[in-house]
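Only one structure is covered here, and it is reproduced in the block below.
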Amino acid sequence: MNILFATSEAVPLAKTGGLADVAGALPKALNKRGVDTRVVMPKYDEIPAALIGQFEQVAHFRVSFSWRNQYCGLLRAEFDGVTYYLIDNEHYFKRKGLYGYGDDAERFVFFCFAVMEAVRYMDFHPDIVHCHDWQTGLIPFLLKTRYYYDPAWAYTKSVFTIHNLKYQGLFGIDLLMDLLGVGHDMFQADSLEFNGAGSCMKGGLVYADKLTTVSQTYAEEIQTEYFGEKMDALLRYRSQDLIGIVNGIDDELFDPMNDSTLEVPYRNSLSRKRKNKVELQRELGLPLSEEIPLVGIVSRLVEQKGFDLIAATLEELLQDDVQFVLLGAGDAKYEQFFNDIAYRYPNKFKVWIGYDDRLARRIYAGSDIFAMPSQFEPCGLSQLLALRYRSVPVVRETGGLKDTVQAYNEYTGEGNGFSFAHYNAHDYMHTVRRALALYRDEEVWKQIVSNGSNEDYSWNRSAKAYISVYSQLLAHRKEKESWPVI
């Protein structure tokens, strides 16, 4: 089984969010199960020189899309047993950052066409091309239209994964017609047209053979008007082809027993974990205490992540015997608010604006409670990392948070965290206070942490589920291949 991951980012090469973690970790897990999984992505200027130096050029060729004819280089290297290909074009990708340019439509249309052409130069014929988010959404479209009879793609099926339905790659119809070299017939309601614009994501939603998203609950939510981002009718139409598979984490990369950023390695020992709390307090200038509960937050500072709830309740919660540590960057209003709180409560609240992987790991390890009250969350990785580092999550019951965090039940002793259903500040604050109260009961807290430690948050289960999806597609393909010619 040969699987080609087409993605706009992947660790260890380039990352802006959770997509990169998935595109880096899932191929490793699939390969361990005997699937030849390879990754193709753009050659960004952001990729570290030490990693770029390990690539060799495989080929260079021209990519024609509409009236354009552009150079493309294809590079190859192997990391952790996974083969990575880079699509090289300095005009499009030798820039600071990955996204946010005025010509993003042209950049990623080029990337989609370049992937289609690059397969001719790989010693590898994909049985399935697995595409991720809007930047690769046009690959299933091209596979079903322009490349349908192309021998380089013979019998290849496509899977499209929605990591976040909110980001849809919307551009003017005239612009996409010009870039794709197609007519108005490709911009109807049953193809690429969306509310008077052209949607790159819709290329994946309409034309891919199977659709997946990153949790079962999110797969159900996006078929409703509230979460569906105006794509809900299409997703309900394709519900038989839509499967929710919760993400995992790389349990070798994130292992508190072997994490060099931590002062004290640990597995299930709360006493050893709390020594890391004291070291985090020391580093950030908080009063040193193993007893004071510490709440950690590592996130983008945007409304989607529940920061209006956090901001509305923070000062009241800080009246309790508690400490908060926040790492993240995002909307200026939140950055300013949290900087002000840190100034006024220096012994209870610390904020680091930006992102630092070392500090993030130390927060997961040093916090007792991890707050993540998202408005919506397709899957979420932070709550999985928190559980891995034995920090107890407080989440809202949405998307992957609902699928991975079960509220503690005092009567049965079950549950690995705390959760609330309705998106309002008082429910969030009440849930945090419930967690703080139970933290004071050492035996109960040990039970909650132990419940979380018994779960498998690695990619093992997810990889099995994806292999099942691939196998269904290939079995269907073989059936078609065996049909008699009339």
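The values are calculated or read from the model by the stated rules, or taken from the named source; none is laboratory data. Keep in mind that what you see is a predicted model, and the values were worked out from it rather than measured. Here the Cβ is made from the backbone with ideal geometry for all residues, glycine too, and neighbour counts use every protein chain on show.
Step by step: first the residues of the range 21-37, then only those that are without any contact (Cβ under 8 Å) to a residue 60 or more places away in the chain and either in a helix (DSSP H, G or I) or outside the structural domain of VAL214 (by TED's automatic domain parsing) (or both), then the one that is farthest from VAL129 (Cα to Cα). Which residue is that?
Among residues in the range 21-37 that are without any contact (Cβ under 8 Å) to a residue 60 or more places away in the chain and either in a helix (DSSP H, G or I) or outside the structural domain of VAL214 (by TED's automatic domain parsing) (or both), the one farthest from VAL129 (Cα to Cα) is ASN31.
On the basis of being surrounded by fewer than 24 Cβ atoms within 10 Å (Cβ to Cβ) and at pLDDT below 95, does GLY97 make the cut? Don't jump to the end; show me each part of the working.
On the way: surrounded by fewer than 24 Cβ atoms within 10 Å (Cβ to Cβ): yes; at pLDDT below 95: yes.
Spelling it out, GLY97 is indeed surrounded by fewer than 24 Cβ atoms within 10 Å (Cβ to Cβ) and at pLDDT below 95.
Given the criterion farther than 22 Å from PRO140 by Cα and either crowded, with 17+ Cβ neighbours inside 10 Å or without any contact (Cβ under 8 Å) to a residue 12 or more places away in the chain (or both), identify the matching residue among ILE47, ILE87.
Details: ILE87 fails: farther than 22 Å from PRO140 by Cα.
Exactly one residue qualifies, and that residue is ILE47.
Report whether or not ALA463 is at pLDDT below 95, assigned to a helix (DSSP H, G or I) and of a type outside the set (Lys, Arg).
Spelling it out, it is not the case that ALA463 is at pLDDT below 95, assigned to a helix (DSSP H, G or I) and of a type outside the set (Lys, Arg).
Name the strands (runs of 3 or more DSSP E) wholly inside the range 56-111 in which the number of residues that are over 29 Å from LYS32 (Cα atoms) and assigned by TED's automatic domain parsing to the domain that holds LYS43 is 3 or more. Break it down stepwise before answering.
Values: elements: 56-65, 68-79, 82-88.
Here the list reads 56-65, 68-79.
Looking at the range 293-321, which of its residues are under 19 Å from GLY366 (Cβ atoms) and surrounded by fewer than 19 Cβ atoms within 10 Å (Cβ to Cβ)?
Across the range 293-321, the qualifying residues are LEU318, ASP320, ASP321.
Take residues that are buried (at least 19 other Cβ atoms within 10 Å of the Cβ), at pLDDT 95 or above and touching a Leu at 6+ places or on another chain (Cβ under 9 Å) and tell me which of the helices (runs of 4 or more DSSP H) falling wholly in the range 191-270 contain 3 or more. Let's see the steps before the verdict.
Numbers: elements: 200-207, 216-221, 232-237.
So the answer is 200-207, 216-221.
If PHE141 passes every condition in (1) in a loop (DSSP other than H, G, I, E, B); (2) crowded, with 20+ Cβ neighbours inside 10 Å; (3) among the aromatic types (Phe, Trp, Tyr) but one, which one does it miss?
Unmet condition: (1).
Quick check: anything in the range 157-165 in contact (Cβ under 8 Å) with a residue 24 or more places away in the chain, out of contact with any helix residue (DSSP H, G or I) (no Cβ under 7 Å at 6 or more places or on another chain) and either assigned to a helix (DSSP H, G or I) or over 29 Å from ARG461 (Cβ atoms) (or both)? Before you say what the answer is, go through the steps one by one.
From the range 157-165, those in contact (Cβ under 8 Å) with a residue 24 or more places away in the chain are 157-165; that's our starting set.
Applying the additional criterion that residues be out of contact with any helix residue (DSSP H, G or I) (no Cβ under 7 Å at 6 or more places or on another chain) yields 161-162, 164-165.
Among the residues that remain, those that are also either assigned to a helix (DSSP H, G or I) or over 29 Å from ARG461 (Cβ atoms) (or both) are: none.
Scanning the range 157-165, I find no residue that is in contact (Cβ under 8 Å) with a residue 24 or more places away in the chain, out of contact with any helix residue (DSSP H, G or I) (no Cβ under 7 Å at 6 or more places or on another chain) and either assigned to a helix (DSSP H, G or I) or over 29 Å from ARG461 (Cβ atoms) (or both), so the answer is no.
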